[in-house]
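Q: Sending over a structure as structure tokens; questions will come in a sec.
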Amino acid sequence: MKWRRFVSLTILAVLILMDIVFYGTVFIFLDDWVGLHSSAGLTNAVIFTVLASLTLFSFLVCVFTDPGVVPSGYFPDIETSDGSDQESRETEALTKHCDKCSAYKPPRAHHCRVCRRCVLKMDHHCTWINNCVGHRNYKAFFLLVVYATISSLYSTVIIVGCGVQKDWESAGTLRLKTFYITSGVMISLLSLTLGTLLGWHIYLLTRNRTTIEYYAETRAVWLAKKSGQIYRHPYDVGVYRNLTMILGPHMLKWLWPSASSHVKDGTSFPTVRDSL
Ligand SMILES: [Zn+2]
Ligand SMILES: [Zn+2]
């Protein structure tokens, strides 16, 4: 049953973590630092609530959006493949065949062992959303990492700021100090982890690579270097175009996870050769 995919311990764990970070940041640390009834407290609470809501929304879009299924009856366009003679065309067609699905797969599609099917422009299978990250939900996944990183950094500033400003002489019991230090360390580690993931996906997004392609092309880069050439990723058509292909043509919609009407069918992608 399809709905079973949404009943997952990892999804529950992420939702609980979001709840804990939100509750702790607003109702414990921010309240303790400036008070929620002050204008500074209220302003920060509203900003943090908006960021947390965007993180939650992006997460839900990632979970509920199908990453992209190969259209039934799909057949690779071997006429436009690199092979010029019949034999090389057949070889090309074979590499685009998935033995497990007994079907052809479009360029950039890969078979996911967890989902047990081919996924269009597969990036990776993400345990935390219990879903593949692929053609249709990569934008939501990217924005999830963006909003989660900003929220986490915001929370770090509030928790650490509160700890630094606190009058430990009069209020500091050992238990309270331990709680503050543990919270500060945990949220800093979360920010660092998310920040690293964000940096990685900014790199991939601006160069129009998936995680799978990045690791797969290591050999191609090496071979090109060996023969004195420079390897060029076929789908890297320039930073701005790469960005608009994922985030959309209208900048105003770039930051909205479900604004994905620009997403094409995912069976073909513009290449460097097209723009020559
Ligand atoms: Zn497959
Ligand atoms: Zn998968």
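For every residue, the table says whether it meets (1) closer than 17 Å to Met186 by Cβ; (2) of a type in the set (A, V, I, L, M); (3) outside any helix (DSSP H, G or I).
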site	(1), (2), (3)
Arg5	no, no, no
Leu12	no, yes, no
Asp19	yes, no, no
Val26	yes, yes, no
Phe29	yes, no, no
His37	no, no, yes
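Q: Is segment 199-214 home to any residue that is of a type in the set (Ser, Thr, Tyr), over 19 Å from the mean Cα position of the chain (by Cα), outside any loop (DSSP other than H, G, I, E, B) and over 30 Å from Ile159 (Cβ atoms)?
A: Keep residues of segment 199-214 that are of a type in the set (Ser, Thr, Tyr), which gives 203, 206, 210-211, 214.
Going one step further and asking which of them are over 19 Å from the mean Cα position of the chain (by Cα), we end up with none.
The answer is no, given that none of the residues of segment 199-214 is of a type in the set (Ser, Thr, Tyr), over 19 Å from the mean Cα position of the chain (by Cα), outside any loop (DSSP other than H, G, I, E, B) and over 30 Å from Ile159 (Cβ atoms).
Q: Just wondering, is there one or more residues in segment 179-194 that are surrounded by 13 or more Cβ atoms within 10 Å (Cβ to Cβ) and over 28 Å from the mean Cα position of the chain (by Cα)? Before you say what the answer is, go through the steps one by one.
A: Looking only at segment 179-194, we keep the residues that are surrounded by 13 or more Cβ atoms within 10 Å (Cβ to Cβ), and these are 179-180, 183-184, 186-188, 190-194.
Subset that is over 28 Å from the mean Cα position of the chain (by Cα): 179-180.
Yes.
Q: Right, here's the next one. Condition first: within 13 Å of ligand 1 (Cβ to nearest atom) and in a loop (DSSP other than H, G, I, E, B). Now tell me which residues in segment 109-145 satisfy that.
A: Ala109, Arg113, Val114, Cys115, Arg116, Leu120, Met122, Gly134 - these are the residues of segment 109-145 that are within 13 Å of ligand 1 (Cβ to nearest atom) and in a loop (DSSP other than H, G, I, E, B).
Q: State all residues of segment 245-276 that are under 16 Å from the mean Cα position of the chain (by Cα), part of a helix (DSSP H, G or I) and more than 29 Å from His97 (Cβ to Cβ); if no residue qualifies, say none.
A: Leu247
Q: Exactly one condition in (1) farther than 29 Å from Gly24 by Cα; (2) crowded, with 21+ Cβ neighbours inside 10 Å is false for Ala140; which is it?
A: The single condition Ala140 does not satisfy is (1).
Q: Being more than 21 Å from Val145 (Cα to Cα) and assigned to a helix (DSSP H, G or I): is that true of Thr43 here?
A: Working: more than 21 Å from Val145 (Cα to Cα): yes; assigned to a helix (DSSP H, G or I): yes.
Criteria met by Thr43.
Q: From the residues in segment 54-106 that are part of a loop (DSSP other than H, G, I, E, B) and of a type in the set (Phe, Trp, Tyr), which one is modelled with the lowest pLDDT? Full working, then the answer.
A: Step one: of segment 54-106, the residues part of a loop (DSSP other than H, G, I, E, B) are 65-68, 70-77, 81-85, 96, 99-102, 105-106.
Narrowing the set further to residues that are of a type in the set (Phe, Trp, Tyr) leaves 74-75.
Values: Tyr74: 91, Phe75: 88.
That would be Phe75.
Q: On to the next question. All but one of (1) farther than 16 Å from Ile28 by Cβ; (2) touching a residue at least 60 places away in the same chain (Cβ under 8 Å); (3) not hydrophobic (A, V, I, L, M, F, W, C) hold for Glu169; state the number of the condition that does not hold.
A: The number of the failed condition is (2).
Q: Filter segment 203-220 down to the residues that are among the β-branched types (Val, Ile, Thr) and surrounded by 14 or more Cβ atoms within 10 Å (Cβ to Cβ) and list them by number. Let's see the steps before the verdict.
A: Narrowing segment 203-220 to residues among the β-branched types (Val, Ile, Thr): 206, 210-212, 218.
Result: Thr206, Thr210, Thr211, Ile212.
The values are calculated or read from the model by the stated rules, or taken from the named source; none is laboratory data. Quick caveat: nothing in here was measured; it's all calculated off a predicted structure. Virtual Cβ from ideal backbone geometry, glycine too; neighbours counted across all protein chains shown.
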